[in-house]
Structure formats: structure tokens, C-alpha cells
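Chemist: Below is one structure. I have some questions about it.
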Amino acid sequence: MSYLEYQVKFVPSGLKKLLYLNWPLVLLVTAVSCMGFIMLYSIAGGRIEIWSEPQIQRFGLGFLLMMAVALIPIWFWRGSSWIAYLVSIGLLVLVELIGEVGMGAQRWIDIGPLRLQPSEVAKITLVMALAAYYDWLPPRRVSNPIWLIPPLLLILVPVALVLAQPNLGTAVLILGTGGAVMWCAGVHWAYFATVFGAIGGAVYAVFETRGTPWQFLHDYQYRRIDTFLDPSQDPLGAGYNITQAKIALGSGGWTGKGFMQGTQSRLNFLPEKHTDFIFNTLAEEFGFMGSITLLALYGLILLFLFHAAMQCRDRFSSLLITGIGVSFFLLFCVNMLMVMGLAPVVGVPLPLVSYGGSQLLVLLIAFGLVQSAHVHRPR
Amino acid sequence: MKRQRNESSEVWPRMTRRAVLLGTAQIGLMGVLGWRMKQLQVDQADEFKLLAEENRVNMRLIPPARGLIFDRNGVPLATNEPVYRIVIVREAAGEPREALARLAAVMPLEPEAIDRTLEEMDRVASFVPVTVKDRVSWDDVARVTANAPALPGITAEVGLSRHYPHGPDTAHVVGYVGPVSDYDLSLMEDPDPLFQIPKFQFGKTGVEAKLEDQLRGKAGAQRIEVNSVGRVMRELSRDEGDKGTDVQLTIDAGLQAFVEARLAGESAACVVIDCASGDLLAVGNAPSFDPNLFVRGISVADWTALNENIYRPLAAKAVQGAYPPGSTFKIVTGLAALEAGVIDPEETVWCGGYTEVSGTKFHCWKSGGHGNVNFNDSLKYSCDCYYYEVGQRVGIDAIAAMAKRLGVGIRHNVPMSAVAEGVAPDRAWKTAQYDDDWRVGDTVNASIGQGYVLASPLQLAVMVARVATGREVIPRLVKTIAGVEQPSGAGASLGINENSLRRARASMFDVVNHERGTAHKSRIATDGMEMAGKTGTSQVRRITPEERARGVTSNADLPWNRRDHALWVDFAPYNNPRVAVAVVVEHGSGGSTAAAPIGRDVTLQALYGTFPPLEAYPSDARDTAAAMQERVRAIMEGRPLPTEAGPEGSRA
């Protein structure tokens, strides 16, 4: 779509834009965030000032940013994609040089009161850059090997930088998000089949060569995999966290132990209970009803994102929304798989719920982009 | 960036199709998430709930107060006494070394205790109390408590520990408790969880061990919530448990103390039984030991001393010891013969000093012989030849049967450790034991309580009580449990002909009261309290014909452990039997000289319930009796002994 087309068709302007926001999405995002506030209040033992209050303040700031981003026309954001991408790559390099290392090797840059994690930013700017690229690229060239090189570079540069931190979890998320955007852009399925085939073969080779002189990984790395596959092998060591996490989750039962009654989290059996493992506290205190509700809310957010993407008639907007949706999906999916013992513990927070500033802000800005695309689509 | 509209319309269907495929994959993965939630939270919820409870809830056992043990009059024999220990909690005490230095300024504290405490504090979490010193005196507790503001994190804790106020007097009957060892636990099939409490005391011997289940009580439990590092967050519930059951024994503490004091200096045992009820009024064992040593954990030196003492203080000889009953067994042989009708009581048997059986000479203790003896004479003079004859007539199986009827050779159900069964041998027994035929010589030996016959003092006391009453008196040590009277040991009639019993009793009366009776010196002078008894002197060595030829070596010339055992049994009063007594003095040389005087003193004490007046003794025995009483009083009151002449004099 061209700027001209936006001019021809009806596009809301001024404060009228607020009426055209995707309000269900706004409400869903707020609702999930509120669940986060409640859980943070509970985990702090009924004290609001420890985690809940800073989180609410950040949410307030993020909400304003989301609205601001939403009100700026989408073509401005499309034009800024490359700059945003380059800035985020620059931040990734910068954090490598001057960043501070925290728990789980996540690196951040202190900007005043805010801890900026460039890897979070890069996930969104990558989606913007890829969407802009495929918006520009004529569709018949999409599957051309030559024209596959730029998007692959776009993806692999931040992946490599994040891996170097090292932050395997986020690197996988970036890779998955980028792949999903390329998939939706129409890259031939044979490429994907090849990649998945290669990954499968590599995993097979890794396990098949175990115990031979030419094994791929170190022994301790194999042992880590063993522990992941069967935490009970090492109940007090590496498997302790995941075992306790499963106990917290499972002991919630149908209806949970009740608000602020979660023994596993309150008595510190649960690790990282306010960040990566916050879902377990929720599941412990509100049971299956609580956890399935959160999953349903996430599902609804995805549904509205999908709907919004389908309504957009321009490639940039729909690829952007799809990419953000996949990124969001991968976050909660990997986190939940991880805390339920189906994936290795890689340090991925639960989106909108886990305590953490930059993650929340970046997500809200990303939803602002979605809203911008939704508001400014020609009708 | 110009594109044709037709191009984009070509792209759209593909875009939508891809997006739908992606959405489907996402829905699939969310399905996996939902399925996993259901699996963990619904299907396996019970399992995880249990695990969460196990994580969070710790059970702490509250040891119940052990049941007390009283004598028949309510005098406490085993009590629980508070013991104090000083504990320190690192997180409250500050720098441990300084805190302990402050404590050492207040109460005596050995450098080793300080080092051990510091070491232990390094190992445990900072909120765990560490014992600095156990069993501290009340003065130290008072000093620590008074200085509490200067000693943060240091407190005195109180616990209960067993105490035996009568010490050695009741050591063998009551037994003692000690800390549970891993070995003890390995012997139990289903150990009480209480035994997991470190240093938990449980009965090791005697009544403490045999009535352990009643005395222990039921553990209380404190359910506490702990966090992931084990710190106690709060108490969830508390169940104080049930105090152990109090037990009352049939023992009379006063008589028991007298018996122990009277036996002092000997390796001896004495049992006093109430004829009417079977109550064991005293079960004396000498020498004894202080059971309180074992409660605290006995030192190596004390243990070695007790173990190496040739008088074997740790053995409860009254029930564990199995001695050849010697002449006291003639009551059994005689009654067996009378019951079988193989001899008339007035029929006489010639005693020429020995009897020859299948070529072997069996000697009477009186080398010159007793001449013609009837049943009464045989017991009165303790003639061996008479019993060689009637023993052969009645046969060993009848003797063994009578012995068992009278309580010898059967294990009495008395809650003490290692109660001996004794031996009342018969043909079957020898075949089973030695795979050998019974010989007539064995019968001859058994008929005077030698050879294979073995009896404990308890069995001998029961035997006399049964003869005295004609009833199957059953020894009873436990009077009440939780205030409930235990079955009496009065027993049913033995079914022995009353005339036979009367003959036996009359003969026993003459043993003491006939001027030629073997125990005439040990008679009781008080009217209506006359005693009937029987002496016994049992060999522990074989006398060879050569020795016999040159004259039997006097006991006084033999080393202690080769001398004869001295035995005595009696009941009194003769006309209305109230108590029966059995005395065994190991290697005491002669029943009439070593055991009978003890028997009389004990019998008198039991009948009077206190020190008897000297008039109870025959006039020629009053001086020695007075000396004996003075000596026993001194021992009972813990005074130094007046002279060493007393007991030796009474034995002469």
C-alpha cells in the first residue's frame, strides 16, 4: 500500500483514533498484567511495595507509551524500521562492551531507573525490519535464494549477539520469531523443511554419538540434558528447581490453595518465584482454574492479533502484527513449557506477568505498534 | 516501492493460508500446554499435594514423660527428674566465640566443650540450637538465667531423665533405661518413632525393659511448618501425647533395702514371696550396682569395674542364677515318693554313710551315717542315703514332674531380664540334651538336688510357698498397671495329698525347731512365728575317691570359687504361712551356717515389717543379731560400718 492509498481511503485522524483502537486487545493486555500485579502482591507476602508497585508504575508508563505509539501513523513506523533495527543492534554491541551481567547471564544497560535489555528490543525491531523488507520485496522474488540472504542476515546478527551474552533462551525466541515472519512472507516451504530436517539430524547425531570418542558435546552437557529429561535423577541438584516447580503447580489441584496461601512459594521452595516461575505460584494459589484462565487470556490475545493481522490489507502491517504475535506466543509458550517440566530451564519470563521492567515496556510498545497498524489501516 | 495491485492480490491467499497454518501450530502447542496443566494439576494433584505437604510440614516428636514405678506401698522406685542443658542459637548470639566466652565467665565451661560447640555450630544452620553443656547443675542454670540479658541467644532448656532413688537396692528388679542405640533399633521389628529422638531413653533391663511398652507412653507430636532451609515458620498443631503408664510393683522397698544390706559383702541372692498372693516382696541380689550410672552413660572405668568383679554385680542372680539346689531339693524328692506311695513315712531306711549303686559309692554328707532314718528324720538331718533309696524307688520322671509342679524347672513369667528356666531333668530331657540314656546314678544325684538339677532362688522360693500352701502359687512382680490390679498369684490347689504336704511341712519345722535339726541355730523364738525350712549345701566340684580316702578338704581351705554353694529355703509362720524365703550364697560353704541365718533375718524382717525385737531370736543368738542389725542399719543409712565382726560371727 502506498501513502497515496492511505490518503484516498478513510483513515481516522486526531483523537478520533482512540475510538478506532482495538479495545478488546487493550483490555486483554491490561487484564493479564493485572493478574501479574496480584501475583506479585501475593508472592511478596501481601506487601505491595516490593514488586507490585514498581510493576504497576512501569505498566502505567508502558501503557502511555503504547497509546503514544498507537496514535502515530503506521507508515512512520514502517519508515523507522531500519533505523530502529540498527539502533537495537548497536545496543546489543554496546551491552556486550559495557553491560552488566545479572542472574541467568542476561545483560542490561542501566538507563536511569530503567534496566534496558537490548535483546528484548531486538526481537521487536527484527520483526519491523523483516516486515519492511518483505513489504518492499516483490512477492515473486521471496523464495529466490539471493533474496533470502538479507533476511537471514537480519535474523542471525542479533541471534549471534544474544548467544554471545550468553542467553540461549532469547536467541531461540529471536530465531523462531524471524522464521515465523519469513514463513508468513511466503518463503518456499522446502527451505523450512530443510532446516527442520537438519536440526532433527543434528539432535539425532548428538545423542547417537554419545559415549563415542567423537561425541558432539561434553559429558557435563549430556548430564544436563539427562537432568532435564528426568529431574528425579538429581532431586537436590539441578533438578531441584524444576521438581519444586512441578510440586507447586501440581499441588494447586483444581481450585488452588487460595490467594496468598501457596506454601511452595511462600516458604521459598520455589525458585525465581517472582520472575520465571511466577506461573507456578499462580497455578498453586488458583489451581487449574487459574492457570487455564491465564492460558485462555493469552489465547484470546493471539486471536485478536490474528484477526487484526487479517484485517490489514498491507503487507508491512500484517507481517508486523503476525511477527509480534508469534514473538508473544513463543514467550509464554516457552516459559510455560519450561516451568511445567517440558522444556529446559532457559530463563524466559512469562509475558506481562513476570516481574521485570524492560520486558513489560517492550511488550507494551509492541502492542502499541499493533494498535497503530490497526488504527491506521484504510477502511 | 511501487507495486501493481494485481501482484498483491496474488500474494494474499498464500499469506492467509500460511498464517492459518501458523495459527494451527500455535493452537496445537497451547493444547499441549493445557493438557500438561490438566495432567499436573488434576490427574497428579494428590501426589503433588502430598509432596508439597512433605516439603512444608515437619513432625517433631514430643517425648512423653515415662511412667513411674512404685513399690507396693507407693514408694517411688523410678522417677523422672528434670535435667538442664545450656543451648546456644548462633543467629541470636552474635559472634559465637565471644558469646561462649561470656558464658564461660558465668558458669564453668571446659575448653573442649567450647571447641566442640563451635565446631557443631559451623555445621548447622544459624537458627538451630546447639547444646553447649548437658546435665548442668541447677546453680549453673540459675546463673545463666540471671545473666540472660548479657547472654543473648543462650538459654537453659529442661528435659526429663530417669532417676532411681533407691540406686543399687532395686537395680536388678527395676532395671535401668539408657539411650537407644542403632543396635537396639536393628533388633526391633517396628520401632516406635520416638526412638528416633537422639538419646531417647528406653528400658534396657528388668521391669524397665519388660514393661517398656506400657512405661513409654505415646509420643506427642508437634506439626511445624518449615521453609526451604528448614527454619520453623509456625506451629500448625500440637498433640502432647500420653504420659507413660505408672506401674506398681509388689516389692516392698523397705524389705528390699534390708535384704540388699543383709546380703552385702556376699555374692548372694534372696527372694521373699508372699505365700497368699505370690507377691514378690523382695528380690535381693548382691553385690549390686547403681543403675543411675547407666542412665547417664556409664564410664569405661565403671563398666570395666562392674564387668570384672568376680561377684558379678550385673547379674540378677535371684532369677538368672541356676544353682544345684542341693538338699533343698529333698523336699521335691520326698514329696514325689510320698505321692507315689513308694515309701511309707514311718518306714526307715538304713544310712551307713554311703550307698552303693551299680558299683559306685554315693556318700552321705555325714561320713558315719545316720543309722535308721524315716521321712521326718531324713529331712531333719538332711540324710542323703534315704533319698538315694527313695529316689531310685520313685524314679526320675516322677521327681521331675513333682519339681515342675512345685515350680522348679519351669520359667516363671516375671518381668525381669533373663529369667532362668532351671533344669528338672528327666529321661527325655537327657536324651534331647546329651543324646544319652538316663542312668540310675543320675537319679541318685538328682534325688539330692545335685547332678543335672538346677534351680534359681526364685524357683526355690516358689517351691517353698507351694509346699507351705498346697496351692500353685505364681510369683507376681507387678501389682498394678495404671492403677489396675494385676491377677493374683494365689493359684489353684496343686492337688497334692494334704497328708504328704503336712509331713513335709512338719519335717521342715523340725529342721529348724528340733534341737538336732540342721538349722536349729537359726530358729525364730517368737511364739506363733515359728519358721519351717530346709538347708542346702551344693557341691560345685567333684570329690574324688582319693580325696574321700584322705578326708574331704574343708571349704575353708579351698579357693572361694571352689567352695560349696550355701542354700536355704523357709516359710513362716509355720501354722499360718505368710512368707516364703529362698537364700543362695554363692560359695558360702554351708547352708546351715551361711544361708540359714540370712533366711531367718529376712523372714523376721518380712514378718515384722521392720527390725524385729531381739526377743524374736533365741537367747544365745541375740548378741550376733544385735550386731547384724546395727551393721545393716549402718549400710542402709550409708554410715560407716561399726565392726566387721557381725556377719562373720553370725555365720560361725
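Chemist: I'd like the GluC sites (Glu not before Pro) in region B:303-404 restricted to DSSP loop residues with at most 14 other Cβ atoms within 10 Å, sorted by number.
Modeler: On the way: sites: B:308, B:339, B:346, B:347, B:356, B:389; in loops: B:346, B:347.
The qualifying sites are B:346, B:347.
Chemist: Moving on. Just want the ordering: B:514, A:218, B:587, B:172, from fewest to most Cβ atoms lying within 10 Å of their own Cβ. Don't skip to the end; give the middle numbers.
Modeler: On the way: B:514 17, A:218 9, B:587 20, B:172 30.
Arranged by neighbour count, lowest to highest, B:514, A:218, B:587, B:172 become A:218, B:514, B:587, B:172.
Chemist: Shifting gears a bit: Output the relative contact order of region B:253-651, whole-number percent, from Cα pairs under 8 angstrom with separation of 6+ residues.
Modeler: Numbers: 873 pairs, mean separation 76.1, N = 399.
Computed over region B:253-651, the figure is 19 percent.
Chemist: From the backbone phi of region B:166-176, what are the Karplus-calculated ³J(HN,Hα) couplings (6.51 cos²θ - 1.76 cosθ + 1.60, θ = phi - 60°) in whole Hz, Gly and Pro given as x?
Modeler: Result, rounded to whole Hz: 8, x, x, 4, 10, 4, 7, 6, 6, x, 8.
Chemist: Each label point is 7 Å from the Cα along the Cα-to-Cβ direction; what then is the distance between the points at residue A:208 and residue A:268, in nm?
Modeler: Placing both labels 7 Å along Cα→Cβ, they lie 4.8 nm apart.
Chemist: Counting other C-beta atoms within 10 Å, which of B:431, B:469 has the fewest, and how do the rest follow? Could the numbers behind the result be given before it?
Modeler: Numbers: B:431 12, B:469 20.
Result, fewest neighbours first: B:431, B:469.
Chemist: Using DSSP, restrict attention to beta bridges with both residues in region B:64-249 and report what percent are antiparallel, rounded to the nearest 5.
Modeler: Numbers: 27 of 29 bridges.
Counting only bridges with both partners in region B:64-249, antiparallel ones make up about 95 percent.
Chemist: Suppose the chain between residue A:168 and residue A:147 were pulled fully straight at 0.36 nm per residue; how much longer would it get relative to their current alpha carbon spacing? Don't jump to the answer; show the numbers that get you there.
Modeler: Working: separation 21, 0.36 × 21 = 7.56 nm, distance 2.75 nm.
Going from the current span to full extension adds 4.8 nm.
Chemist: I've got another one for you. Restricting to Cα pairs below 8 Å that are 6+ residues apart, what does the relative contact order work out to for chain A? Please round to a whole percent. Walk me through the intermediate numbers first.
Modeler: Values: 521 pairs, mean separation 110.2, N = 379.
Across chain A, relative contact order equals 29 percent.
Chemist: Using just the alpha carbons, could you tell me how many Å³ per residue the convex hull of region B:64-249 encloses?
Modeler: Working: hull volume 29.7 nm³, N = 186.
Spread over its residues, the Cα hull of region B:64-249 gives 160 Å³ apiece.
Chemist: Next up: Give the average over all directions of the projected area of the C-alpha convex hull of the protein assembly as shown, one decimal, in nm². Show your work: numbers first, answer last.
Modeler: Working: hull surface 243.1 nm².
Dividing the Cα hull surface by four gives the mean projection, 60.8 nm².
Chemist: Name the helices (complete DSSP H segments) of chain A with a Cα length along the long axis of 24 Å or more and a Kyte-Doolittle mean of at least 0.5, or state none. Before the final figure, lay out the partial values.
Modeler: Values: long enough: A:23-43 (30 Å, 1.96); A:52-71 (28 Å, 0.94); A:74-98 (34 Å, 1.56); A:118-136 (26 Å, 0.64); A:145-163 (26 Å, 2.48); A:168-185 (26 Å, 1.68); A:189-208 (28 Å, 1.28); A:278-311 (39 Å, 1.38); A:315-339 (36 Å, 1.85); A:357-375 (27 Å, 1.57).
Qualifying helices: A:23-43, A:52-71, A:74-98, A:118-136, A:145-163, A:168-185, A:189-208, A:278-311, A:315-339, A:357-375.
Chemist: Pull up the cross-link candidates among the aspartates and glutamates for residue B:199, meaning alpha carbon to alpha carbon under 19 Å and not fewer than 8 places away within one chain.
Modeler: Residue B:199 reaches B:81, B:120, B:134, B:157, B:182, B:184, B:190, B:208, B:212, B:213.
Chemist: Right, something else. Using the alpha-carbon atoms, what tilt in degrees (0 to 90, nearest 10) does helix B:396-405 show relative to the longest principal axis of chain B?
Modeler: The helix B:396-405 is inclined about 60 degrees to chain B.
Chemist: For region B:577-626 and region A:307-367, what is the separation of their Cα centres, given in Å?
Modeler: Here the answer is 102 Å between Cα centres.
Chemist: Among DSSP bridges having both ends in the protein assembly as shown, what percentage is antiparallel? Round to the nearest 5. Numbers along the way, then the final one.
Modeler: Values: 80 of 83 bridges.
Of the beta bridges lying entirely in the protein assembly as shown, close to 95 percent run antiparallel.
Chemist: Which stretch or stretches of region A:310-352 have amide N atoms under 11 Å from the point lying 7 Å from residue B:16's Cα along the Cα→Cβ direction?
Modeler: Answer for region A:310-352: A:310-311.
Chemist: Below 8 Å, C-alpha to C-alpha, sequence gap of six or more: please give me the relative contact order for region B:64-249 in percent.
Modeler: Working: 321 pairs, mean separation 57.1, N = 186.
With pairs under 8 Å counted, the relative contact order is 31 percent.
Chemist: Determine the shape class of chain A: with a ≥ b ≥ c the square roots of the Cα gyration tensor eigenvalues, call it rounded for a/c under 1.5, and otherwise prolate if a/b is greater than b/c, oblate otherwise.
Modeler: Here chain A falls in the oblate category.
Chemist: To make sure I understand the rule: partners must be aspartates and glutamates, Cα under 17 Å from the Cα of residue A:246, and not fewer than 8 residues away in the same chain. Which ones qualify?
Modeler: A:230, A:234, A:272, A:276, A:284, A:285, B:43, B:46, B:47, B:53, B:54
Chemist: Moving on to the next point. Of the options B:83, B:150, B:69, report the single residue whose Cα projects farthest towards the positive end of the charge dipole of region B:64-249 (beta-carbon charges: Lys, Arg +1; Asp, Glu -1).
Modeler: Final value for the positive-end residue is B:150.
Chemist: As an exercise, identify the trypsin sites (Lys or Arg not before Pro) in region B:197-255 lying in DSSP coil whose Cβ has no more than 14 other Cβ atoms within 10 Å.
Modeler: Numbers: sites: B:199, B:204, B:210, B:216, B:218, B:223, B:231, B:234, B:238, B:243; in loops: B:199, B:204, B:231, B:243.
Answer in residue order: B:199.
Chemist: Here is the link list: B:210/B:430; B:380/B:430; B:210/B:243; A:16/A:123. Which ones come out longer than 24 Å on Cα distance?
Modeler: Working: B:210/B:430 32 Å; B:380/B:430 31 Å; B:210/B:243 18 Å; A:16/A:123 31 Å.
Beyond 24 Å: B:210/B:430; B:380/B:430; A:16/A:123.
Chemist: Describe numerically, in nm with one decimal, the distance between label points set 7 Å from Cα along Cα→Cβ at residue B:213 and at residue B:485.
Modeler: 2.5
Chemist: Can you give the helix-only mean residue ellipticity at 222 nm for chain B, where every DSSP H stretch with n ≥ 4 adds -39500 (n - 2.57) and the sum goes over all residues, rounded to the nearest 500 deg cm²/dmol? Numbers along the way, then the final one.
Modeler: Values: 26 runs with 258 residues, N = 652.
Helices in chain B give a 222 nm mean residue ellipticity of -11500 deg cm²/dmol.
Chemist: Determine, from the Cβ-Cβ distance of residue B:439 and residue B:50 and an R0 of 60 Å, the FRET efficiency 1/(1 + (r/R0)^6), rounded to the nearest 0.05.
Modeler: Working: r = 71 Å, r/R0 = 1.18.
Plugging the Cβ-Cβ distance into 1/(1 + (r/R0)^6) gives 0.25.
Chemist: Measuring from label point to label point, each 7 Å out along Cα→Cβ, what is the residue B:231 to residue B:131 span in nm?
Modeler: So the two model labels end up 2.6 nm from each other.
Chemist: Another question, then. How would B:38, B:361, B:133, B:330 line up from fewest to most surrounding beta-carbon atoms within 10 angstrom? Don't skip to the end; give the middle numbers.
Modeler: Details: B:38 16, B:361 11, B:133 22, B:330 27.
Placing the least packed residue first, the sequence is B:361, B:38, B:133, B:330.
Chemist: So, one more: Give me P(r) over region B:253-651, computed from all C-alpha to C-alpha distances, binned every 10 Å, as integer percentages.
Modeler: Going out from 0 Å in 10 Å bins, region B:253-651 shows 5, 24, 34, 25, 10, 2, 0 percent.
Chemist: Here is a further query. Assign one of three labels to region A:61-204, namely rounded, prolate or oblate, based on the Cα gyration tensor with a ≥ b ≥ c the square roots of its eigenvalues; rounded applies when a/c is under 1.5, prolate when it is not and a/b is larger than b/c, and oblate otherwise.
Modeler: Details: a/c = 2.29, a/b = 1.23, b/c = 1.86.
It is oblate, given that a/c is not under 1.5 and a/b is not larger than b/c.
Chemist: Specify the inter-centroid distance of region B:67-123 and region B:124-189, based on alpha-carbon positions, in whole Å.
Modeler: A separation of 7 Å, based on Cα centres.
Chemist: Distance cut-off 29 Å, Cα to Cα: go down the list B:204/B:534; B:330/B:521; B:133/B:204 and report the pairs above it.
Modeler: Numbers: B:204/B:534 36 Å; B:330/B:521 21 Å; B:133/B:204 25 Å.
Going by Cα-Cα distance, B:204/B:534 fall outside the 29 Å limit.
FYI, it's all coordinate maths here, none of it is from the lab. Treat the numbers as computed from the prediction; the structure is a model and nothing was measured. Here the Cβ is made from the backbone with ideal geometry for all residues, glycine too, and neighbour counts use every protein chain on show.
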